[in-house]
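K.L.:
So that we are looking at the same thing, I have put the structure below in structure tokens.
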Amino acid sequence: MQTLHDRADTSPLETYRRYCREGKLAYQVDPATGRAVFFPRLVAPGTGSTGLQWRTSAGLGTVHATTVCHRKGEASYNLALVDMDEGFRLLSRVEGIAPESVAIGLRVRVTMRDEAEQEAPYPVFVPAEGDAAGQPPSAGPTAGGQAGLPVSSAGAGSACAAAPSSASVPAAASGPAPAIRRGAGLRGRIAVVGTAESDLGEVAPGITPVDLMAQAACRALDDCGLSLRDVDGVFAATGQVRLSTLALCQYLGIHPRYSDATVIGGSSFMAHVLHAAAAIEAGLCEVALVAYGSTQRTIGRSRVRAAEPEPYESPYRPILPAAAYALATSRYFREFGATREQLAEVAVAARQWALLNPAAWEKEPLTVEQVLGARMVCDPLTVRDCCLVTDGGGAIVLTSAERARSLKRPPAYVLGAGEALSHQNIACMENLTTTAAVESGRRAYEMAGVSARDVDVAQLYDAFTITPILFLEDLGFCPKGEGARFVGGGRIAPGGELPLNTNGGGLSYCHPGMYGLLALIEAVRQVQGVAGKRQVAKCDVALAHGNGGVLSSQSTVILGGEAAL
């Protein structure tokens, strides 16, 4: 029998805006947990409660992270994450003070900004006079008549997302979870047998993302000696095509038994490897093709994907994704004392690797001084701390280990894989310095039966210079807070202790918008021993890690040669 439910008479957004028109900052409380919830919604995160209760904030908070956005031809402006005393976090800006003077720990109070181009007033902040910086008062009654909620030690925003709570869990932790034990049977049973890039850099006018996916797919199949007739599983993602697997299958004339169009940003393709391995093992397909293509440089980034409405963020005009990563960087600097010079080491090492890669976009050496002196995008990130904007794509082919041994290339066996999601919006990332790579890495290491110490080569998603530093920590290559020091002294450059992003990475080789598949391709080639001048000697185990959104989705794949089985 169908159950009839009460209809929502008013959207959470409209209720929120009504409070804003009254000069009040509203949020919700989940009665099941007593936790503050922001952004407003119909259903409470974690509990599924539909009885969310509205409250109004006393208006006082503390700056948790901050950046200054620099748009060409415009005055710079602040963007900040503010932890409200009631226990929630929101993205906003601080006014009444120079943008560069806004500091983490600054006490602020809310005021409403009313602008003609906005549908309703929206909250901004000004310094809170007479309120001690960094010392939130004990939460008293709010304007809604309820006691305020304490801010957790990890910061506010905890009701916004189930962010990783295991910051201290090493990547190869003991006591595998049941899901990992079930997946352990995949170890070494599936292999990547073919890889290829499409045309890269800046492609000819009129070429489409599907053109590039198809081009890379045929090259990857030729690389391993298979044909389109052999493919019965198709996995694809791109930001420019709504139904990517349908488009690619139609283009190539493939009628697969199994398909998967998972899109979780740049980590999609590491997730595809796990999904394809499971599908092959289950007999749902025999030969899986994973493909990607993008023409973001040719058509312009603003046309790559339709803009999604973000009414709680868009009034502040964040330069995304750069601003979100800059906010995380500011927090990392505050907590661990890292410097811009240390971040620049990541870009310099990537360039050194790129100079060994004929396919790399960048062809000239890079120095720390050049990184620091480049145009600022969002403090503290310059344009050289940010990834390239290129066209391009790639493809890989997977099949069973048994079939792989009869093909042209040495197999790169899938030893382990894991994926994890934590949030979508940066305001909902509970801990800006610890990502869900802690979980994806743990799952991958457990399945593979290895640890970071066993990895010979690492390909870590480098959309910005901060990301490899966070992932080195979260994947167990160094302790939390030590990543910025770890990358210094040539440790990750050619000839260093840990070869990192040996193709030049998204910073110097190629970044079409969703870089993960290209990191996978490089990891496979290193295991196969076909990476040319940048080949790392005795590469038995390679790790490829993908990141999507704004540190939102994390996927880890561990590959190995025969010696690793």
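K.L.:
Just reorder Thr465, Thr10 by solvent-accessible area, largest first, 1.4 Å probe, all chains present.
P.N.:
Ranked from most to least accessible, the order is Thr10, Thr465.
K.L.:
Still on this structure, please answer the following. Using square roots of five times the C-alpha gyration tensor eigenvalues, list the equivalent-ellipsoid semi-axes of the range 204-272 in whole Å, biggest first.
P.N.:
In descending order the semi-axes read 18, 16, 12 Å.
K.L.:
Give me the percent of accessible area attributable to carbon and sulfur for the range 500-562, probe 1.4 angstrom.
P.N.:
It is 54 percent, rounded to a whole number.
K.L.:
For the range 430-565, what does the alpha-carbon gyration tensor say about shape, rounded, prolate or oblate, given a ≥ b ≥ c as the root eigenvalues, a/c under 1.5 as rounded, and a/b over b/c as prolate?
P.N.:
It is rounded, given that a/c, with a ≥ b ≥ c, falls under 1.5.
K.L.:
Shifting gears a bit: Could you state the accessible area per residue of the chain in Å², with a 1.4 Å probe and every protein chain left in place?
P.N.:
Accessible area per residue, the chain: 39 Å².
K.L.:
Nearest 20 debye, what's the magnitude of the dipole of the chain about its Cα centre given +1 on Lys and Arg Cβ and -1 on Asp and Glu Cβ?
P.N.:
In debye, rounded to 20, the chain gives about 460.
K.L.:
Next up: Which shape class applies to the range 500-560: rounded if a/c is under 1.5, otherwise prolate when a/b exceeds b/c and oblate if not, where a ≥ b ≥ c are the square roots of the Cα gyration tensor eigenvalues?
P.N.:
oblate
K.L.:
Going by average Cβ density within 10 Å per residue, which order do the peptides 223-234, 516-527 take, highest to lowest?
P.N.:
Ranking, from highest mean packing down: 516-527, 223-234.
K.L.:
On the protein heavy atoms, probe 1.4 angstrom, tell me the percent of accessible surface of the range 246-394 carried by carbon and sulfur.
P.N.:
53
K.L.:
State whether the chain is rounded, prolate or oblate according to the following rule on the C-alpha gyration tensor (a ≥ b ≥ c being the square roots of its eigenvalues): a/c under 1.5 gives rounded; otherwise a/b larger than b/c gives prolate, and the remaining case gives oblate.
P.N.:
Judged from the Cα gyration tensor, the chain comes out prolate (a/c at least 1.5, a/b above b/c).
K.L.:
When all protein chains stay in place, what accessible area (Å², nearest 10, 1.4 Å probe) is found for Cys539?
P.N.:
Roll a 1.4 Å probe over it and Cys539 shows about 10 Å².
The values are calculated or read from the model by the stated rules, or taken from the named source; none is laboratory data. In this text, all values refer to a predicted model and were calculated from it rather than measured experimentally. Please note: Cβ atoms are built from the backbone with ideal geometry, for glycine as well, and neighbour counts cover all protein chains shown. Keep in mind that these areas ignore ligands, DNA and RNA; they rest on the heavy atoms of the full protein, side chains included. Shrake-Rupley method; radii C 1.70, N 1.55, O 1.52, S 1.80 Å.
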